[in-house]
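Each remark here refers to the structure printed beneath this line.
The values are calculated or read from the model by the stated rules, or taken from the named source; none is laboratory data. Remember, predicted model here, so these are calculated numbers, not experimental data. Cβ atoms come from the backbone with ideal geometry, glycine included; neighbour counts cover every protein chain shown. Accessible surface is based on the protein model in full, side chains and every heavy atom, while ligands, DNA and RNA are left aside. Shrake-Rupley method; radii C 1.70, N 1.55, O 1.52, S 1.80 Å.
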Amino acid sequence: MELNQKLMKYIRTVEPYVPGEQPQTKVIKLNTNENPYPPAPGVKQAMKEVDTDKLRLYPDPAAETLVSVLAEAHQVGKDQIFVGVGSDDVLAMCFLTFFNSDKQILFPDITYSFYKVWAELYRIPYECPKLDSDFRIVKEDYDRENGGIIFPNPNAPTAIYEDVSFVEEILAHNRDVIVIVDEAYIDFAGKSAVELIDRYDNLIVVQTFSKSRSMAGMRIGYAISNPALIRYLNDVKYSFNSYTINQLSLVCGVAAVKDRAYFEETTSHIIETREWAKQKLAQLGFEFPDAKANFIFAKHPKYDAGELFEALKKEQIYVRHWNSERISQYLRITVGTREEMEKLFTVLEKICS
């Protein structure tokens, strides 16, 4: 049915975020940056021990147990942690809470594409400074009047990590606006900007359980900042939906944070496999920025990325491809298990021989 134009005048329309394909058949899935290893053993045990009678009750709106273990893990106060339904939910709340001036917010032209969606959804003006020819953020481009700044570190889909001193320079030149550092992939990279929280009252760091903690299906994300900004985030959350984290996610999230040894073991496996995969890609003639996430952003000078994408898909290997300006010749390849990556390279060797 075609809606009449007078009706359309009152409808908020937006170009939605397009997630990676989620095939339901058995494939090698290297397209959405999920962790190839299962969650910590304690998570499985926690699920077995859940009192299902509690599911009839609303969960704790303050997510006290989860907030407590996260605060301890990051050595901050409980009033410095905000939790939400995945980091997407947390970031959306941040946009709604903190980006409210008539000035343009800034984020890179090649980055997580959800930023543009939220900006348009909430009618936030924005500008996207271009990454340089090596796909790096040009920090001087953020040294100007703006309504706020957000960028991932490591960036996505480039996998490039900037050290804490780089982040601090952006913060130091933007003391009067909120700066959000999206650290979805920080556990595969280097130091976190969390160490700057006490020095910069305008900093918010956002992390997730979806990548390094193998819990994309549980949808747990969180922000770390000073108590004042966390309080404002909670005010908006409680005005929108008080019960964002369900009972099962609370229990499993606590178990995941407590098992530090398993987290470190699986993260180190992924980093080790990533470094090996970078060598293999280079031997096949691929070019890529130095990846510091759980994925590699690669192109081959002799083969079209779209054709490579389709050829891999025919072999039941899914990677991510965007037919977008500047990156149409790149594939984003999630780091899977060693066995999965060996199968990927078996196919690539046939294609690129």
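A few comments on the model shown:
- Prolate/oblate/rounded call for segment 130-225, Cα gyration tensor, a/c under 1.5 rounded: oblate
- In Hz, Karplus ³J(HN,Hα) per residue of segment 131-148 (6.51, -1.76, 1.60; θ = phi - 60°; x = Gly, Pro): 5, 6, 5, 9, 6, 9, 5, 9, 4, 5, 5, 9, 9, 7, 4, 7, x, x
- Mean separation of Cα contacts under 8 Å (6+ apart) over length of the chain, as relative contact order %: 24
- Report summary: the helix-based calculation at 222 nm, which adds -39500 (n - 2.57) for every DSSP H run with n ≥ 4 and divides by the residues of the chain, gives -11000 deg cm²/dmol.
- Beta bridges per DSSP with both ends in the chain, % antiparallel, nearest 5: 55
- C-alpha center-to-center spacing [segment 279-297, segment 242-266] in angstrom: 31
- Fluctuation leader among Ala159, Ala189, Ala293 - the chain, Gaussian network, Cα springs under 10 angstrom: Ala189
- Around the amide H of Ile105, modelled in the peptide plane, lie the amide H atoms of Tyr126, Glu127, Gly147, all under 5 Å away and 5 or more residues distant in sequence or on another chain.
- The Cα atoms of segment 226-353 cover 56, 37, 28 Å along the three principal axes, with the biggest extent listed first.
- Cα centroid of segment 50-64 to Cα centroid of segment 157-197, whole Å: 34
- By accessible area with a 1.4 Å probe, ligands and nucleic acids excluded, highest first: order of Lys237, Lys103: Lys103, Lys237
- Hz values of 3J(HN,Hα) by residue in segment 186-197 - Karplus curve (6.51, -1.76, 1.60), Gly and Pro given as x: 4, 5, 9, 10, x, 5, 8, 6, 4, 5, 8, 3
- Cα gyration tensor shape for segment 8-78, rounded if a/c is under 1.5, else prolate or oblate: oblate
- Difference of contour (0.36 nm per residue) and Cα-Cα distance, Tyr238 to His269: 7.3 nm
- Within the shell defined by Cβ-Cβ distances under 12 Å, the residues around Arg199 carry a net charge of -3, with Lys and Arg each +1 and Asp and Glu each -1.
- Cα-based shape type of the chain, given that a ≥ b ≥ c are square roots of the gyration tensor eigenvalues and the cut on a/c is 1.5: rounded
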